[in-house]
1. Can you confirm whether region 148-171 contains a residue that is at pLDDT 90 or above, of a type in the set (Gly, Ala, Ser), farther than 18 Å from Gly35 by Cβ and surrounded by fewer than 21 Cβ atoms within 10 Å (Cβ to Cβ)?
2. Across region 19-70, what is the total count of residues that are out of contact with any Ser or Thr (no Cβ under 6 Å at 6 or more places or on another chain), open to solvent by less than 50 Å² (accessible area, probe 1.4 Å) and hydrophobic (A, V, I, L, M, F, W, C)?
3. Picking from Leu130, Leu182, which residue would you name as being touching a Lys or Arg at 6+ places or on another chain (Cβ under 9 Å), in contact (Cβ under 8 Å) with a residue 12 or more places away in the chain, within 23 Å of Met1 (Cα to Cα) and of a type in the set (A, V, I, L, M, F, W, C)?
4. Scan region 11-59 residue by residue and report those that are acidic (Asp, Glu) and either out of contact with any strand residue (DSSP E or B) (no Cβ under 7 Å at 6 or more places or on another chain) or assigned to a helix (DSSP H, G or I) (or both).
5. Please go through region 2-13 and give me each residue that is open to solvent by 50 Å² or more (accessible area, probe 1.4 Å) and touching a residue at least 40 places away in the same chain (Cβ under 8 Å), ordered by number.
6. I'm told Thr200 meets every condition in (1) open to solvent by 10 Å² or more (accessible area, probe 1.4 Å); (2) touching a residue at least 24 places away in the same chain (Cβ under 8 Å); (3) not in a helix (DSSP H, G or I) except one. Can you identify the failing condition by its number?
7. Working only within region 86-141, note down all residues that are in a loop (DSSP other than H, G, I, E, B), touching a Gly at 6+ places or on another chain (Cβ under 8 Å) and open to solvent by less than 20 Å² (accessible area, probe 1.4 Å).
8. Among (1) more than 30 Å from Arg55 (Cα to Cα); (2) open to solvent by 70 Å² or more (accessible area, probe 1.4 Å); (3) assigned to a loop (DSSP other than H, G, I, E, B), there is one condition Gln78 misses while meeting the rest; what is its number?
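The values are calculated or read from the model by the stated rules, or taken from the named source; none is laboratory data. Note that the coordinates shown come from a computational prediction; the quantities given were computed from them, not determined experimentally. Virtual Cβ from ideal backbone geometry, glycine too; neighbours counted across all protein chains shown. Accessible surface areas use protein heavy atoms only, side chains included; no ligands, DNA or RNA. Shrake-Rupley method; radii C 1.70, N 1.55, O 1.52, S 1.80 Å.
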Amino acid sequence: MLQLDRLTITQGDFHLTADWSAAAGARIAVMGPSGAGKSTLLSVIAGFFPQASGRVLWQGQDLTVLPPGERPVTILFQDQNLFPHLSVAQNLGLGLRPDLRLTGADHDQIDKALERVGLQGLGPRRPAQLSGGQASRAALARALLRSRPMLLLDEPFAALGPALRAEMLDLVREVADETGALVLMVTHDPQDALALDGDTAFVAEGVVHPPVPTVELLADPPPAVQDYLGRK
């Protein structure tokens, strides 16, 4: 279980609170206006930005005392987190061994992960030689190899067209099913939230509201969500 225990985040005049929990394996879209704090929330959970007060717990363990590398988290940003000077296979290898001292068994795992996401044979390429969709697949393949219990997605598919974005969301669901990971996905698009097929935590006016089923939220949106969607 992920628990945001009276979490408070501040930065200058910016103030954000969250106080709720989510079960392991949950799929949660994090949606709200630009600047509401969606990406900041993910950065705090991952350990890249400090909270002002409160705690982030996973299965009862306080993560706020751990550095990012020791947290049970994989996070994907819009730039896909791929190092341009490394091959695709080496980028995936970082998910297994940060020092890239890969064994034969590690290389076999990398090949299987590339095949799993439809990138078989592309391991020797550099990220610059990949299309946007292929880079997204490579990033997801590394997440599959890391097999961390929390997968945080900070709009990694925002630059993709609708059809390819839908394909990548299908793959996210498949990866989450295979790994049992809890997914938190930042998005501005209600259709992406629906495609994730889970809950939505709406962020507005300094509060990350507890997740509710996305279908129900969009069918009968409260005033803040109506304003966001442009409904009257």
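1. no
2. 15
3. None of the others qualify; the one that does is Leu182.
4. Asp13
5. Gln3, Arg6, Thr10, listed by residue number.
6. Evaluating Thr200 over (1) open to solvent by 10 Å² or more (accessible area, probe 1.4 Å); (2) touching a residue at least 24 places away in the same chain (Cβ under 8 Å); (3) not in a helix (DSSP H, G or I) leaves (1) as the failure.
7. Of everything in region 86-141, just one residue is in a loop (DSSP other than H, G, I, E, B), touching a Gly at 6+ places or on another chain (Cβ under 8 Å) and open to solvent by less than 20 Å² (accessible area, probe 1.4 Å), namely Ser87.
8. So the condition that Gln78 fails would be (1).
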